[in-house]
Amino acid sequence: MDTKYIFVTGGVVSSLGKGIISSSLARLLLSRGYRVTIQKFDPYINIDPGTLNPYEHGECYVTDDGHEADLDLGHYERFTDIRTSRANNVTTGRIYQTVIDKERRGDYLGKTVQIIPHITDEIKRNVKLLGKTGDYDFVITEIGGTVGDIESTPFLEAVRQLKWELGRDALFIHLTYVPYLHAAKELKTKPTQHSVKLLQSVGIQPDILVLRTEKEIPASMLRKVGLFCNVAPEAVIQSLDQPTIYQVPLRMHEQHLDDIVIRLTGADPRPEPDLNAWNKFLHHLNTAEKIVTIGLVGKYVELQDAYKSISESLMQAATHLDHKVKIEYIHSEKLNDANADEKLRNLDGVIIAPGFGQRGIEGKFSALKWCREHDVPTFGICLGMQCMVIEFARNVMGLQDANSTEMDTKTPHNVIDLMEEQKSISNMGGTMRLGAYKCRLQPGSKAALAYGSEEVWERHRHRFEFNEDYRHSFEQAGMKCVGENPDTHLVEVVEIPEKRWFVGTQYHPEYRSTVLHPNPLFLSFMKAAIAYSDEKSSTK
Ligand code: GLN
């Protein structure tokens with residue numbers, strides 16, 4: 001069967017959850033046995049979100065092939081177990097960069113380079129890139145932004161043209177918002193009607209409408225929306241707020257979203273989706289009673305999207321172990337040696353978050369000192385691992401003022417230092433050590449036991465590394481380097497074996513944790529936290 005292209009647009013307001021609807025549809029189609037991928041087109045000018053501050057755009061997600069991506073790609077992978085890549089996330093900046101490079105090369109010699117057709121053609125080429133591989137029955141494309149935004153116009157024009165070219169092989173899903181006016185006690189569909197009109201005015205007729213709502217929308221109202229918007233009544237679907245985003249695929253399936261997509265695109269029919277594993281996960285999520293409390297020490301805690309993949313990984317691991325995780329976000333700038341006990345003593349496990357720069361770093365050291373001395377299960381990720389190394393150097397090995405050269409270029413003990421290949425790099429965008437690298441784990445280490453394997457692939461995003469010159473002294477003092485890259489010998493994992501669970505990874509295991517396959521290291525950390533919690537309650 002020819003590849004089917006599903007375009008997901010959004011109207012009325014942003015943050016309606018296009019990524020969740022796209023991921024839910026992908027989950028349903030995959031569970032029916034189709035081959036599916038999801039991609040996101042972002043209208044901003046940045047080449048990728050790698051240079052964006054988390055306050056701007058939440059977490060930066062990283063793919064296996066080292067692309068710094070929108071956090072929606074994290075949702076795609078967590079819902080579907082699909083491995084995304086650079087091709088799954090394209091920005092206006094990337095499109096323009098390619099077109100401008102072609103212009104400089106002379107590819108358009110003699111021609112005026114314009115938004116239409118040059119930019120729109122480049123968008124179309126990128127939309128079809130994954131479909132052309134022949135590896136997918138469905139390519140779901142999420143168009144970032146809201147219909148009516150100036151910057152999404154070229155994307156809408158490009159996909160309008162694609163619909164014209166692809167006919168039945170292309171389909172539009174438009175996600176809108178139906179507000180509930182408390183004073184009038186009424187749901188209002190006018191914004192949806194306006195938003196669809198806006199879409200129609202650029203030549204796009206949605207085939208399916210998904211109406212996000214906080215209150216159940218009556219069937220008569222759904223029919224009315226269909227009538228006003230030229231959409232078949234059964235293709236007007238509501239997306240009522242759910243206690244968890246992982247219920248959304250079920251809600252969509254109940255309203256036949258997957259059936260409608262299959263029917264309208266003429267895809268070869270497949271049996272009903274097999275959602276057994278998914279339902280089992282949801283059953284645990286909804287019924288688990290025992291609580292495990294994990295502290296997450298970082299500097300972006302006001303904005304929880306900044307640590308999206310970590311919080312999701314914790315939730316997945318806890319759910320698989322039939323527990324509910326309670327995450328306490330602890331601001332590293334507000335943490336010091338004097339208040340660490342008060343802020344950390346009720347936790348069953350602590351994560352020291354990734355990050356960049358000096359701000360809040362001393363609080364991470366205070367947390368680590370307290371956790372190490374009280375033998376609390378502790379997991380340092382990327383900068384968190386580097387902080388583990390620095391704290392150990394300062395307080396166990398007596399290397400005063402040990403630091404990373406990221407924080408102090410003149411430190412007498414640069415236990416964390418800039419990687420050799422980073423020294424000549426001056427551009428900030430896309431130049432870190434990025435993507436999946438192999439890591440060899442020491443047999444018998446906590447990390448190797450967690451994975452049940454001595455060779456793993458995990459994703460990276462950093463410029464600094466453990467300084468090899470200090471390896472021997474650390475090992476002597478009790479912090480072991482138990483994971484390294486087999487080719488470069490860069491230290492990727494450290495642990496203090498005598499502790500309950502004190503492990504730091506230079507890589508980000510949270511990027512490879514999904515609903516159906518939680519990351520083994522998160523599972524192992526969570527097991528340790530649960531065991532510690534049980535131990536504390538039995539000695540009370
Ligand atoms: N800032 C550190 C580095 O560049 C850690 C990065 C991170 O935590 N992702 O090495």
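Computed from the coordinates by the stated procedures, all read-outs in this text should not be read as laboratory data. Here the structure is a predicted model, which means the values were calculated and not measured. Don't worry about glycine lacking a Cβ; one is built from the backbone with ideal geometry, like all the others, and counts go over all protein chains shown.
Summary of values
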{"quantity": "Spin-label model distance (nm) - residue 536 vs residue 425, 7 Å beyond Cα toward Cβ", "calculated": "3.9 nm"}
{"quantity": "Low-density loop cleavage sites - GluC sites (Glu not before Pro) in segment 441-508, where at most 16 other Cβ are within 10 Å (DSSP)", "calculated": "454, 498"}
{"quantity": "Set 326/540; 308/536; 334/369 screened for pairs whose C-alpha atoms are more than 19 Å apart", "calculated": "326/540; 308/536"}
{"quantity": "Proximal lysines relative to residue 188, as straight alpha-carbon distance under 24 Å, when same-chain residues fewer than 8 apart are discounted", "calculated": "18, 197, 215, 224"}
{"quantity": "Other-chain or far-sequence residues with amide H under 5 Å of residue 296's (modelled H)", "calculated": "328, 329, 330, 351"}
{"quantity": "Relative contact order [Cα under 8 Å, 6+ residues apart], the chain, whole percent", "calculated": "15 percent"}
{"quantity": "Interchain or long-range residues, amide H under 5 Å from residue 399's placed H", "calculated": "394"}
{"quantity": "Interchain or long-range residues, amide H under 5 Å from residue 378's placed H", "calculated": "350, 501, 502, 503"}
{"quantity": "Calculated from backbone phi, Karplus (6.51, -1.76, 1.60) coupling profile of segment 26-32 in Hz, x at Gly/Pro", "calculated": "4, 4, 5, 5, 4, 6, 8"}
